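Single-structure report; data block below.
The values are calculated or read from the model by the stated rules, or taken from the named source; none is laboratory data. No experiment lies behind these values; they were computed from the predicted model shown. Here Cβ is always computed from backbone atoms with ideal geometry, including for glycine, and neighbour counts include all displayed protein chains.
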Amino acid sequence: IDAPSPFGRRHLAPAIAEFLGANPGLDVQLRLIDSFTDLHGEHLGEVDIVVRIGPLPDSRLVATPLASMTRILCASPDYLRRRGIPRSPLELEQHDGLDWDSLAPPYAWRFEADGKLQLCKPKRLRLTTNNAETLLFSALAGLGIAHLPTWLSSEHLQRGELLPLFCEAGLPPAEPVSIYALRLEREASPRTRLLLSFLKQRFGFPPPWDQALQAGLATPQQ
């Protein structure tokens, strides 16, 4: 199995450990990497499953949705004390932002404003990066507002280390894309089917990190 490092460390590795504990006759090789794994190219026959988040890179692959993908706007309490709380997405341009570089997700920084979906983001970006955990660490350090996936930010939001924005009605809707398990064979092997079934039950729609966040969601107050 190949998977992105941040998601793999937080969610996939614990799930695989639980799966192996329940299936002592099976073994798993889990590789946490952030580069794209080409199942048709040099990795042909080496990798059974690739976990990917976002738009599907190759329509020839068989995709099994594992979990919904939700993104939430958030900042540290310290940043919001210093700079104030934006009351609408249109006010984001007055704030400092933390953002992806050229690999920006297609649904990042898009909000309902003035009755339509708009791209609303800070004019000044204190940091741009190609790494999700770097955005998280920078938000925790109070450097600006970030639009983070809930699988990455949920535990910090639950502990109050980050505060959600524009969540008066609850979590934002899930994005049209999901967290997928990709594979080549249309007829998966029995062991692959067993693992995919386990992961679908372990994560799901909504996934446990969204359920926990929704249950304790509180918006910042001035």
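Per-residue answers, yes or no, for (1) in the same structural domain as ASP101 (by TED's automatic domain parsing); (2) closer than 15 Å to ILE72 by Cα; (3) at pLDDT 95 or above:
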{"residue": "LEU127", "(1), (2), (3)": "yes, no, yes"}
{"residue": "LEU136", "(1), (2), (3)": "yes, yes, yes"}
{"residue": "ALA141", "(1), (2), (3)": "yes, no, yes"}
{"residue": "HIS147", "(1), (2), (3)": "yes, yes, yes"}
{"residue": "TRP151", "(1), (2), (3)": "yes, yes, yes"}
{"residue": "GLU155", "(1), (2), (3)": "yes, yes, yes"}
{"residue": "TYR180", "(1), (2), (3)": "no, no, yes"}
{"residue": "ARG186", "(1), (2), (3)": "no, no, no"}
{"residue": "SER189", "(1), (2), (3)": "no, no, no"}
Margin query: Can you confirm whether VAL51 is buried (at least 21 other Cβ atoms within 10 Å of the Cβ) and either in contact (Cβ under 8 Å) with a residue 40 or more places away in the chain or of a type in the set (Phe, Trp, Tyr) (or both)?
Written below: yes
Note to self: So the check is Cβ under 6 Å with 6+ separation or different chains; which pairs have a first residue in segment 88-104 that's over 15 Å from LEU165 (Cα atoms) and a second one that's modelled with pLDDT of 95 or more and of a type in the set (Val, Ile, Thr)?
What the structure shows: ASP99/THR128; ASP101/THR128
Note to self: Which residue is nearest to the chain's Cα centre (by Cα), if the candidates are limited to segment 17-34 and must be surrounded by 13 or more Cβ atoms within 10 Å (Cβ to Cβ) and free of Cβ contacts under 8 Å to residues at least 60 places away in the same chain?
What the structure shows: LEU32
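Residues in segment 77-98: is at least one assigned by TED's automatic domain parsing to the domain that holds HIS147 and within 16 Å of the chain's Cα centre (by Cα)?
Within segment 77-98, one or more residues are assigned by TED's automatic domain parsing to the domain that holds HIS147 and within 16 Å of the chain's Cα centre (by Cα).
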Note to self: Being touching a residue at least 60 places away in the same chain (Cβ under 8 Å), aliphatic (A, V, I, L, M) and closer than 21 Å to ALA108 by Cα: is that true of ALA181 here?
What the structure shows: no
